[in-house]
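Participant: Right, I'll just put the structure down here and ask away after.
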Amino acid sequence: MKILNRISNFDDGKRKYFSIFISVAIAILLTLLGIYVIEDYGIALFILVPFFLGFSPVIIYGYNNDFSRSKAHELGFLSFGIFLACLIAFAIEGLICIVMALPIGLAFTWIGILTGYFLINNNPTKGPPTLIIFIFLIPTFSFVESGFEPKLYTVVTSIEINASPEEVWKNVVEFPELKEPTEFIFKTGIAYPINAKIKGKGVGAIRYCNFTTGSFVEPITKWDEPNLLAFDVLKQPLPMKEMSFWDIDAPHLHDYFVSKRGQFKIVNLGNGKVKLIGTTWYYNDIKPNFYWNIWSENIIHKIHNRVLNHIKINSEK
């Protein structure tokens, strides 16, 4: 309270920039604590921190001070923008991951702004204690959340091919070099498949699906020629290469998006046609799942389509 009383004596410009500076500084410290110490990419980071960035400067600036809702929006969104710029400048995150997180971040920054504005105008004495409680709530929530086991999800994509099951099988087991992608998302640094090779035959053989960032090492678990090829994922490359001015190796690139197993199923439709069904089982240890699975499943479908279309082209030759 004493600090806020002192801040309330600042002139308008000084009060504004101090409220933004202290809010961004605390948010960065909480982010570093969550990512590098607690090792959690979740609701605390993607919902509570943006909410705090909207809520905090409004409470600090608005204490014993009349101001408009547009001023509250200016404070909150400016704090959020400076926070994102700091993540890039200090090589904490890359541009693509920030773009992916932007919609949910903006939404909860806005909710934080409205909550802070309502509280400081209707019950100003509760604003500062609520702010302090929230600062301690974020790492506590992050710590609790980090103990949750991630859920396994399934992505299924299919395509019809004018070829025999035997011909399709040959191109499923291994396939030659793919053409450069035309999809925009693969030009941003998201890893995409290049080719596939196999060592051995039958269960126990090792298939290598080579991506731009490395190789998926896939021990074969089912070999039902020419109907079903199933495999586990023993090792996987980085899911992307971050776009940044720096060489970024963010923790979320390791063991947060994990492909566990996959399969190709060939269904004979008759009349010289088959349906090729590609399936990936994965988990995403980045929360909230409802939001990040939209990105994950969209990317996996695009990877599936890239591979399935390549198999179709080579099989129909």
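The values are calculated or read from the model by the stated rules, or taken from the named source; none is laboratory data. No experiment lies behind these values; they were computed from the predicted model shown. Please note: Cβ atoms are built from the backbone with ideal geometry, for glycine as well, and neighbour counts cover all protein chains shown. For accessibility, only protein heavy atoms count, side chains too; no ligands or nucleic acids. Shrake-Rupley method; radii C 1.70, N 1.55, O 1.52, S 1.80 Å.
Participant: Looking at segment 101-111, which of its residues are of a type in the set (A, V, I, L, M) and surrounded by fewer than 21 Cβ atoms within 10 Å (Cβ to Cβ)?
Facilitator: Result: Leu102, Ile104, Leu106, Ala107, Ile111.
Participant: Just need a number here: residues in segment 196-207 that are buried (at least 16 other Cβ atoms within 10 Å of the Cβ) and closer than 24 Å to Ile299 by Cα.
Facilitator: Matching residues across segment 196-207 total 2.
Participant: Give segment 229-252 a look and list any residue that's over 17 Å from the mean Cα position of the chain (by Cα), hydrophobic (A, V, I, L, M, F, W, C) and part of a loop (DSSP other than H, G, I, E, B), or say none.
Facilitator: Val233, Leu234, Phe245, Trp246
Participant: Moving to a separate point now. Give Tyr282, Tyr291 a once-over and let me know the one that is hydroxyl-bearing (Ser, Thr, Tyr) and open to solvent by 20 Å² or more (accessible area, probe 1.4 Å).
Facilitator: Tyr291
Participant: Would you pick out the residues in segment 137-164 that are under 30 Å from Glu316 (Cα atoms), open to solvent by less than 20 Å² (accessible area, probe 1.4 Å) and not polar (S, T, N, Q)?
Facilitator: Listed by number, the residues that qualify are Val155, Ile161, Ala163.
Participant: Every residue in segment 253-270 that is open to solvent by less than 20 Å² (accessible area, probe 1.4 Å) and outside any strand (DSSP E or B), please.
Facilitator: Correct list: Leu253 only.
Participant: Kindly indicate whether any position in segment 212-219 is over 22 Å from the mean Cα position of the chain (by Cα) and open to solvent by 60 Å² or more (accessible area, probe 1.4 Å).
Facilitator: No: segment 212-219 contains no residue that is over 22 Å from the mean Cα position of the chain (by Cα) and open to solvent by 60 Å² or more (accessible area, probe 1.4 Å).
Results for (1) at pLDDT below 95; (2) closer than 26 Å to Phe290 by Cβ; (3) among the polar types (S, T, N, Q); (4) open to solvent by less than 30 Å² (accessible area, probe 1.4 Å), shown as yes or no for each residue.
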residue: Ile47; (1), (2), (3), (4): no, yes, no, yes
residue: Gly62; (1), (2), (3), (4): yes, no, no, yes
residue: Asp66; (1), (2), (3), (4): yes, no, no, no
residue: Leu78; (1), (2), (3), (4): no, no, no, no
residue: Leu95; (1), (2), (3), (4): yes, yes, no, no
residue: Val99; (1), (2), (3), (4): yes, yes, no, no
residue: Ile113; (1), (2), (3), (4): no, yes, no, yes
residue: Pro128; (1), (2), (3), (4): yes, no, no, yes
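Participant: Cβ-Cβ below 7 Å, separation at least six or inter-chain, first residue in segment 83-107 and closer than 20 Å to Val37 by Cα, second part of a loop (DSSP other than H, G, I, E, B) and among the aromatic types (Phe, Trp, Tyr): which pairs?
Facilitator: Listed by first residue and then by second, the contacts come to Ala91/Trp246.
Participant: Whether any residue in segment 125-133 is part of a loop (DSSP other than H, G, I, E, B) and of a type outside the set (Lys, Arg) is what I want to check.
Facilitator: no
Participant: Being open to solvent by 50 Å² or more (accessible area, probe 1.4 Å) and of a type in the set (A, V, I, L, M) is the filter; apply it to segment 220-252 and report the residue that is modelled with the highest pLDDT.
Facilitator: Leu234
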